[in-house]
Amino acid sequence: MIRRIAVLAGDGIGPEVMDAALKVLRRVDERFKLSFEFKEALIGGAAFEKYSAHFPEETRKICSESDAILFGSVGGPISEAHLEKWRGCESNSILALRKALGLFANLRPIKVYPELRAISPIKGEVIGEGIDILIVRELAGDIYFGEHRTFEKSGCRYATDLAEYDENQIAAIGRVAFETARSRRKKVTSVDKANVLATSKLWRGVIKEISQEFSEIEYEDMLVDNCAMQIIRRPSDFDVIVTSNMFGDILSDAAAVLPGSLGLTPSASLNAERFGLYEPSGGSAPDIAGRGVANPIAQILSAALLLRFSFGLEKEALSIEDAVYRAIAGSARTVDIAVEGESALSTAEFTDKVLSHI
Ligand code: IPM
Ligand code: MG
């Protein structure tokens, strides 16, 4: 059985870290005989140069003919923000892909490796036995996809953004969260702003109903402002957090700083058929692009999530996660995760360390 993977490296450090992830996937393919077939396509600024579009038809076609998508990152440097190439680049690429493919469930695992305790901005006693949070963010609704308007009334400029949810959307993401919690520590925290917003009141009601289908899972509600505080104060108390698109965007960035580098956290975006797009949570880091020093971990771990969620290859996914862990435990560091006295490896050298454990 051939497994077709669309490879969208994108901009900035995207191509460098993608290269690392592909090396790892090829090694896993050799070892477990999985018949991967990779097809590269352009996205973001890289696509704009050739097609004058951030998400061209050609790329759309390659994605729709694939079994899963491995995505790098898109976006350019601030100093070039005025160029047409970068205008709307992130939303034209990422939001368009999410919409075109119906990706409604975004899973962002946040793990603090005990070996990397020193780079976490959180104190050792707060990290405790470790931090392992899974943020399940609704990705297809909310204020992101409601009507956006800018207008003028009586000489005054106005803007409105409509936040919308229907109960089916909420139930669908709720089920993803509770089902995923079954194979974890069996706790779901649903985050909303039900003291103010109508969408959040509906959210809370529906999630509560869904929770009754999962009696073995511990369930709590939390207001988003409180959650922002608790995620920093007592992060190890969280297991699965399920929340709406906008709150998930913000909370996942807050949580992503806990491990100490944005280069560590992968993500998965799935549709109803479990077709998925997998990408690092961090950005394109144009400041370090092209220097061969970017941390490939988030991209490599995104490839592991691809094997797990799109292909059901749990053992193979674990072999990648375990190899990354062993590389770290064996003191391999890229520059973003090295502390004083530790020498930093290049992207390629670090990747070789990971490969040596597969
Ligand atoms: C993310 C990003 C996107 C989002 C942007 C680039 C549109 O911040 O994936 O979290 O807001 O969803
Ligand atoms: Mg974001």
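Please work out if E125 is in contact (Cβ under 8 Å) with a residue 60 or more places away in the chain, surrounded by fewer than 12 Cβ atoms within 10 Å (Cβ to Cβ) and under 24 Å from R234 (Cβ atoms).
Criteria not met by E125.
I'm checking my understanding of the structure. Among residues of segment 97-107 that are within 13 Å of ligand 1 (Cβ to nearest atom) and open to solvent by 30 Å² or more (accessible area, probe 1.4 Å), which one is nearest to S244 (Cα to Cα)?
Only one residue tops the list, namely F104.
State which residue is farthest from P235 (Cα to Cα) when the search covers only segment 285-304 and only residues that are open to solvent by 10 Å² or more (accessible area, probe 1.4 Å) and of a type in the set (A, V, I, L, M, F, W, C).
A289
Which of (1) away from ligand 1 (no atom under 16 Å from the Cβ); (2) exposed (fewer than 15 other Cβ atoms within 10 Å of the Cβ); (3) not hydrophobic (A, V, I, L, M, F, W, C) does K111 not meet, given it meets every other one?
(2)
Pick from L42, L8, L22: which is assigned to a helix (DSSP H, G or I) and in the same structural domain as F350 (by TED's automatic domain parsing)?
Only one candidate qualifies: L22.
Restricting the search to segment 285-303, which residues are more than 22 Å from D352 (Cα to Cα) and away from ligand 1 (no atom under 16 Å from the Cβ)?
D287
Every residue, every condition in (1) within 16 Å of ligand 2 (Cβ to nearest atom); (2) under 30 Å from E65 (Cβ atoms); (3) not basic (K, R), yes or no:
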residue: K85; (1), (2), (3): no, yes, no
residue: S91; (1), (2), (3): yes, yes, yes
residue: L95; (1), (2), (3): yes, yes, yes
residue: R98; (1), (2), (3): yes, yes, no
residue: P109; (1), (2), (3): yes, yes, yes
residue: R117; (1), (2), (3): no, no, no
residue: P121; (1), (2), (3): no, no, yes
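Do you know which residues across segment 236-259 are free of Cβ contacts under 8 Å to residues at least 40 places away in the same chain and within 15 Å of ligand 2 (Cβ to nearest atom)? Don't jump to the end; show me each part of the working.
If we filter segment 236-259 for residues that are free of Cβ contacts under 8 Å to residues at least 40 places away in the same chain, which is where we start, we get 237, 250, 253-254.
Selection gives I250, D253, A254.
For F309, work out the one condition from (1) within 19 Å of F38 (Cα to Cα); (2) within 16 Å of ligand 1 (Cβ to nearest atom); (3) modelled with pLDDT under 95 it doesn't fulfil.
So F309 meets the others, but not (2).
Looking at segment 133-157 only, could you name the residues that are of a type in the set (D, E, K, R) and touching a helix residue (DSSP H, G or I) at 6+ places or on another chain (Cβ under 8 Å)?
R137, E138, D142
Of (1) outside any loop (DSSP other than H, G, I, E, B); (2) free of Cβ contacts under 8 Å to residues at least 60 places away in the same chain; (3) away from ligand 2 (no atom under 16 Å from the Cβ), L70 satisfies all except one. Which?
Single failed check for L70: (2).
With (1) within 13 Å of ligand 1 (Cβ to nearest atom); (2) surrounded by fewer than 15 Cβ atoms within 10 Å (Cβ to Cβ); (3) under 18 Å from L22 (Cα atoms); (4) not charged (D, E, K, R) as the list, and G88 as the residue in question, which single condition is left unmet?
(3) is the only condition that G88 fails.
Collect the residues in segment 260-284 that are more than 21 Å from L355 (Cα to Cα), within 16 Å of ligand 2 (Cβ to nearest atom) and either modelled with pLDDT under 95 or open to solvent by 30 Å² or more (accessible area, probe 1.4 Å) (or both), keeping them in residue-number order.
L262, S281, G282, G283, S284
Residue pairs, Cβ under 6 Å, 6 or more apart or interchain, first in segment 81-106 and within 12 Å of F55 (Cα to Cα), second within 16 Å of ligand 2 (Cβ to nearest atom). List them.
Taking only residues 6 or more apart or on different chains, the pairs are C89/G44; C89/V74; C89/G75; E90/V74; E90/G75; S93/G44; S93/V74; R98/L139.
Does at least one position in segment 33-56 carry a residue that is surrounded by fewer than 23 Cβ atoms within 10 Å (Cβ to Cβ), touching a residue at least 40 places away in the same chain (Cβ under 8 Å) and more than 28 Å from I358 (Cα to Cα)?
no
Using the structure shown, decide if I135 is closer than 20 Å to A303 by Cβ and assigned by TED's automatic domain parsing to the domain that holds E167.
Spelling it out, I135 is indeed closer than 20 Å to A303 by Cβ and assigned by TED's automatic domain parsing to the domain that holds E167.
So in segment 237-254, with the set limited to residues that are of a type in the set (S, T, N, Q) and farther than 16 Å from Y219 by Cα, which one is modelled with the lowest pLDDT?
Only one residue tops the list, namely S252.
Return the residues of segment 119-139 that are over 14 Å from V176 (Cα atoms), modelled with pLDDT of 90 or more and outside any loop (DSSP other than H, G, I, E, B); say none if nothing qualifies.
Passing the criteria: I119, I131, D132, I133.
The values are calculated or read from the model by the stated rules, or taken from the named source; none is laboratory data. Because the structure is a prediction, the values reported are computed rather than measured. Backbone-built Cβ (ideal geometry, glycine too); neighbour counts: all protein chains shown. Remember, those area values only see protein heavy atoms, side chains included, never the ligands or the DNA or RNA. Shrake-Rupley method; radii C 1.70, N 1.55, O 1.52, S 1.80 Å.
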